[in-house]
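A.B. asks: First the structure, which I've put down as structure tokens, then a few questions once you've had a look.
The values are calculated or read from the model by the stated rules, or taken from the named source; none is laboratory data. Here the structure is a predicted model, which is why all the values come from computation and not from measurement. Positions of Cβ are generated from backbone atoms using ideal geometry, with glycine treated the same way; all protein chains shown enter the neighbour counts.
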Amino acid sequence: MRKILLLMMFLLCCMAVLADDPEYFYEVGEPIDLKVPCIYNNTACSDNAECNMTIFYENSSLYVADAAMTNNNIYFNYTMQNTNTTNKYQSTVVCCDNGACAYSTFYYDINTTGNETNRSIVAALVFFIVLIAVSLSLTIFFSVKESSLKYMFLLLTFIFMTVAAYIVYQYSMELSVSYGNMFYVGFWVCLILTFIMVLIVFVELTINILAWLANRKKKDYPDNI
């Protein structure tokens, strides 16, 4: 059961890292010609087809709203002129042809090189290190017998999980994924559980310290018989 839980946590983090990564990369300052194929039932759209593009920044704020795209038979295109700032974008294209409508969404990145960065690799490495820390904490938690140590390592586990949840949330916001709020809720759940564990550990340590002081007092001042 413990191995299954750890595997589920690992898969969740990997999915969050890889989800909605940019598919295309462009160089900052250069006009970008965004092209989207228009094919329905393996047939190119007709001359009557219309496509509109909506673009969002990485923070989900609107950049372009329902901009008309140019019909070039097999594909439609839209040219971005203002590309002087590095950013990540989410574009949704809605096409209608003789009453039939469909849409598609893609992601692209404007950076200084116009090439893919190693951001996902770095993020995956961070998650892998955090998951190793979580695994070690859980392993020690199930191994030790002393209740105080068990609570301490359980607290460390929740702290690492909170850090992982926060990183996942921040990364999902940068990619403007649609389910970023789910990771936000997960972060707060981990944070609340960590706070509860802090209180439990504090109470446990307080009880142990009071018990130690009481035993020491008995040793220093034994009862007279």
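A.B. asks: Looking at the stretch 73-91, which of its residues are assigned to a strand (DSSP E or B) and either among the charged types (D, E, K, R) or closer than 15 Å to E50 by Cβ (or both)?
C.D. replies: Hits for the stretch 73-91 are Y75, F76, N77, Y78, K88.
A.B. asks: Taking the options D109, D33, name whichever one is more than 30 Å from V163 (Cα to Cα), at pLDDT 80 or above, charged (D, E, K, R) and not in a loop (DSSP other than H, G, I, E, B).
C.D. replies: From the options D109, D33, the qualifying one is D33.
A.B. asks: Could you run through the stretch 34-71 and say how many residues are of a type in the set (F, W, Y) and either farther than 14 Å from Y108 by Cα or touching a Lys or Arg at 6+ places or on another chain (Cβ under 6 Å) (or both)?
C.D. replies: Residues in the stretch 34-71 being of a type in the set (F, W, Y) and either farther than 14 Å from Y108 by Cα or touching a Lys or Arg at 6+ places or on another chain (Cβ under 6 Å) (or both): 1 in total.
A.B. asks: Here are S61, S91, S143, S135: which of them is over 21 Å from the mean Cα position of the chain (by Cα) and hydroxyl-bearing (S, T, Y)?
C.D. replies: On inspection, the qualifying residue turns out to be S143.
A.B. asks: Within the stretch 67-80, can you find the residues that are surrounded by fewer than 18 Cβ atoms within 10 Å (Cβ to Cβ) and under 30 Å from Q170 (Cβ atoms)?
C.D. replies: A67
A.B. asks: Closer than 30 Å to F76 by Cα, modelled with pLDDT under 85 and assigned to a helix (DSSP H, G or I): is that true of S178 in this structure?
C.D. replies: no
A.B. asks: Just to be sure, is S91 at pLDDT 80 or above, in contact with a Leu (Cβ under 8 Å, 6 or more places away or on another chain) and not aromatic (F, W, Y)?
C.D. replies: Considered against the rule, which asks whether it is at pLDDT 80 or above, in contact with a Leu (Cβ under 8 Å, 6 or more places away or on another chain) and not aromatic (F, W, Y), S91 comes out as yes.
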